[in-house]
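One structure is given below, encoded as structure tokens.
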Amino acid sequence: MTIRLLTNDQRKLLRQQLRDNAVYIAVKQAYKSRETDMERLHFSPEEIFVNCFVCFDRMLREPDRAEAITDTLWDDVFNDLRNDADDCGRSYDRQEMETAASLVLYTLMVLTEASHRWELARYNGYLMQMLACHSNPDDICLPMQACISGELAEYVGAYIEADEYISDRIDNQSPTPDPVRKIRRADRSRIKEGIRRRLAFMKGVLPCSSQSIMRPADYDIMTECVDYLVENGVVRKMRRKITTCLSNAHLRYTFYLIYRNEGRDIGRSLWLEFLAETFAQFGDSTSSLANHFSDKPHNYDMCTGSPSPEAE
């Protein structure tokens, strides 16, 4: 079993991706009541969510071993969390680690109950006994129970039906860690239309000049690559990178606005990869892309021809 403590970037991505997720909403509610008990460890709702699915995924893969998995689950979760904290230099005391493990275990119990899979949920009584030995169950269970809804059971059912695992997607650094919350076709069409409107100024000329911002053929390639990213969640590899007459700052900020508005669900890291892979002007040095992604050039609105909607 691999229990994970996440980086700040991973937490941020998950926070964006999971904001409407019924399980995550319930986890956050339970977390609020225990946050002060983990001030040194800084265990987050995102880490509770991921680690309960690490356990749940294992049980889904090996339902015939559910009893054996459950039998050592407290020790497995506690020890793996402790080892991860040691490896990444997070401070903690034993009570904090017990609180973190308890949150993971109770969320797992909620998932197995919602799954309507008796072979998984039948051991929840034993898990509750283990949890009660290390923390007060009411402090965790009652806040979470207040947020459990029919949507949570629907989500768990859809997750099992999808037959894709959050733990695998985290390992593979997928921009969409939740296999249930994929961008719907109607949403993809809306996203692409919004991006095309934002990029339309690049079919024109530079201000106070007759110089085209891009060659028409390169503009078409750019929009095709954008569509490919929205449809597939993967950056298309370029045989020949395209060029523009925009400064690096103007081009970079244009795609920052796309990320913050139309393309948020695709993820920041993929938009940065898109810039580096698609445009020749960034060369091999892409460090400034991430560091200055949100920096707005002083004359940006004049360059685009009209004030652009700011990032939300």
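The values are calculated or read from the model by the stated rules, or taken from the named source; none is laboratory data. Because the structure is a prediction, the values reported are computed rather than measured. Positions of Cβ are backbone-derived with ideal geometry, glycine not excepted, and every protein chain shown enters the neighbour counts.
Can you pull out the residues in segment 193-216 that are touching a residue at least 24 places away in the same chain (Cβ under 8 Å) and either farther than 19 Å from F279 by Cβ or not charged (D, E, K, R) (or both)?
Listed by number, the residues that qualify are G194, I195, L199, F201, M202, G204, L206, P207, Q211, S212, I213, M214.
Name, by its number, the condition in (1) among the aliphatic types (A, V, I, L, M); (2) in contact with a helix residue (DSSP H, G or I) (Cβ under 7 Å, 6 or more places away or on another chain); (3) within 28 Å of R268 (Cβ to Cβ) that does not hold for L108.
L108 satisfies every listed condition except (3).
Within segment 226-245, how many residues are under 14 Å from E193 (Cα atoms) and not aromatic (F, W, Y)?
Selection size over segment 226-245: 5.
Counting just the residues of segment 76-106 that are more than 11 Å from S135 (Cα to Cα) and of a type in the set (D, E), which one comes out modelled with the lowest pLDDT?
D93
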